[in-house]
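Novice: Sharing a structure, written as C-alpha cells. Questions coming.
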Amino acid sequence: MRNFSLELNQLKVFMEVAKDCNMTRAAQKLGLTQPAISTVIKKIENGLGIELFDRASRPMRLTAAGHVLFKRGNGAIELIETILADMYRTANGKNPDIRLGCSEAIMNIFGGELVSLLASKPGRLTLSSGTSLEVSDKLRNKEIDTFVH
C-alpha cells in the first residue's frame with residue numbers, strides 16, 4: 001500500500017463523479033470546472049497507483065477498485081462529518097450525540113432516569129434496548145456507542 005492520504009474534498013469529488021461516471025455533470029454540480037475535476041481524479045489515482053475509472057469505454061465506467069471506493073465512500077464522509085460536528089459541539093461546551101444501548105433489565109429499572117439525565121444535555125440521545133445479546137450485537141455492528149447491562 002502506498003503512502004497516500006485521501007483528502008475529504010477529494011473523496012467528495014470522486015463520489016460525485018462516480019454517481020454517473022460523468023466529470024462534466026460533477027463539475028457543474030460542485031461548481032468547479034471539468035479540468036479541475038479531472039485533475040482531482042488523476043491525483044487520487046496517481047497517489048493510490050490504482051485506476052478508479054475505465055476511460056477506454058464510453059461512457060467511462062468504474063473499475064473494480066472504483067466500485068469499492070464508491071460503495072464505502074459515503075459512509076466514510078458521514079463518519080468524518082459526524083466526528084467533526086461532535087468536536088465542534090464539544091469545543092463549544094455542548095455534549096456530542098450519544099447512542100446508548102441498555103439491556104431490558106437496566107431499561108426497566110433506570111430507563112426513565114437515564115433518559116431524563118441524558119436528554120437534558122445538549123446533543124442528541126438515541127436509546128436502544130433489548131436482550132444483552134441483541135444490544136451487544138448493536139455495539140459490535142457500531143449501531144450504538146456504548147452499552148449498559
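The values are calculated or read from the model by the stated rules, or taken from the named source; none is laboratory data. Just so it is clear, the structure is predicted and the values come from calculations on it, not from any experiment. All Cβ positions, even for glycine, are placed from backbone atoms using ideal geometry, and neighbour counts span all protein chains on display. Areas reflect the complete protein model, heavy atoms only, side chains present, ligands, DNA and RNA absent. Shrake-Rupley method; radii C 1.70, N 1.55, O 1.52, S 1.80 Å.
Novice: Quantify, in whole percent, the carbon and sulfur part of the accessible surface of the range 11-117 (1.4 Å probe; protein heavy atoms only).
Specialist: Carbon with sulfur: 59 percent of the solvent-accessible area.
Novice: Lys pairs in the chain, Cα-Cα under 15 Å, at least 8 apart or on separate chains: how many?
Specialist: Lysine pairs meeting the criterion: 7.
Novice: Mind checking the dipole of the chain: about its Cα centre, +1 per Lys or Arg Cβ, -1 per Asp or Glu Cβ, Debye to the nearest 20?
Specialist: Dipole magnitude for the chain comes out near 640 debye.
Novice: Of 74, 59, 87, which is farthest along the charge dipole of the range 56-101 in the positive direction, counting Lys and Arg as +1 and Asp and Glu as -1 at C-beta?
Specialist: 59
Novice: From Cα pairs below 8 angstrom and at least 6 apart in sequence, can you work out the relative contact order of the chain, rounded to a whole percent?
Specialist: Relative contact order of the chain: 18 percent.
Novice: How much area per residue is accessible in the chain when the probe is 1.4 Å and only protein heavy atoms are counted (Å²)?
Specialist: 66
Novice: So what is Rg over Rh here for the range 1-145, counting just Cα atoms and using Kirkwood for Rh?
Specialist: Checking Rg against Rh, the ratio lands at 1.15.
Novice: In the chain, if the dipole is taken from +1 on Lys/Arg beta carbons and -1 on Asp/Glu beta carbons about the Cα centre, which of 127, 105, 13 is farthest to the positive end?
Specialist: 13
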